[in-house]
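Single-structure report; data block below.
The values are calculated or read from the model by the stated rules, or taken from the named source; none is laboratory data. It should be emphasised that the depicted structure is a prediction, and the values quoted were computed from it without experimental measurement. Cβ placement follows ideal geometry from the backbone for every residue including glycine, while neighbour counts extend to all protein chains displayed.
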């Protein structure tokens, strides 16, 4: 019985031909769509790694600074801790509150306006939240826009498949295959860019809200220390 050998060379060449078709410079719009999706994905991952490192440092240093702050009986012992934890948002809140306390004490040797201290603490917390939320809008943009860009590439691929089918004159997988491959790759790239961006946007948003709540609670602890030191 004769043995029929399958054309292995054609099978191995198929992925290469698909990639060549996707990167075909004669189709600038489809190529631009793919480049935009790749750039958006890389950009979002750069934001993810940067934000992950920033929030991890912020959380760890917050805990260490808060431990020292709660053990302190006065402001002199806390000054050294502020220099040790520059990435802790609580340090920035502390600096804002203490600057106002120091101004009042220097002027009249006592605390004269507790509301002004509260406002300073709130302003410091708001500034830190703004820093922590920096570039978060880009993650939201990538998560919401890239599926539609991928859908646009999908439409282009399907149009290309129909044009190839019209030119071939007969329905065949060889005629419509490259166009369909373009469509599927564009869909996959859009999802590949959007899904991680959406996941990390929600994850980081939760972490930032937790840090914001911690800064609000710290403001109350700071006011308690002020009362013990200057009004107790």
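With respect to (1) free of Cβ contacts under 8 Å to residues at least 60 places away in the same chain; (2) loosely packed, with under 14 Cβ neighbours inside 10 Å, the lone exception for residue 147 is condition (2).
Which residues, counting only those in segment 106-144, are under 30 Å from residue 39 (Cα atoms), assigned to a loop (DSSP other than H, G, I, E, B) and touching a residue at least 24 places away in the same chain (Cβ under 8 Å)? Once the filter is applied, which keeps residues that are under 30 Å from residue 39 (Cα atoms), assigned to a loop (DSSP other than H, G, I, E, B) and touching a residue at least 24 places away in the same chain (Cβ under 8 Å), segment 106-144 yields 133, 135.
Whether any residue in segment 148-157 is in a helix (DSSP H, G or I) and either modelled with pLDDT under 75 or farther than 23 Å from residue 39 by Cβ (or both) is what I want to check. Within segment 148-157, none of the residues are in a helix (DSSP H, G or I) and either modelled with pLDDT under 75 or farther than 23 Å from residue 39 by Cβ (or both). Scanning segment 33-50 for residues that are in contact (Cβ under 8 Å) with a residue 12 or more places away in the chain and closer than 25 Å to residue 188 by Cβ yields 33, 34, 36, 37, 38, 40, 41, 43, 44, 45, 47, 48.
Exactly one residue out of 50, 87, 113, 109 is over 18 Å from residue 215 (Cβ atoms) and under 29 Å from the mean Cα position of the chain (by Cα): that is 50. Given the conditions (1) at pLDDT 90 or above; (2) over 30 Å from residue 56 (Cβ atoms), report the number of the one that residue 135 does not fulfil. Result: residue 135 passes all but (2). Looking only at segment 181-201, decide whether some residue is assigned to a helix (DSSP H, G or I), modelled with pLDDT under 95 and either over 30 Å from the mean Cα position of the chain (by Cα) or under 30 Å from residue 66 (Cα atoms) (or both). Scanning segment 181-201 turns up at least one residue that is assigned to a helix (DSSP H, G or I), modelled with pLDDT under 95 and either over 30 Å from the mean Cα position of the chain (by Cα) or under 30 Å from residue 66 (Cα atoms) (or both). Residue selection: residue 59 fails the criterion of being in contact (Cβ under 8 Å) with a residue 24 or more places away in the chain and not in a helix (DSSP H, G or I).
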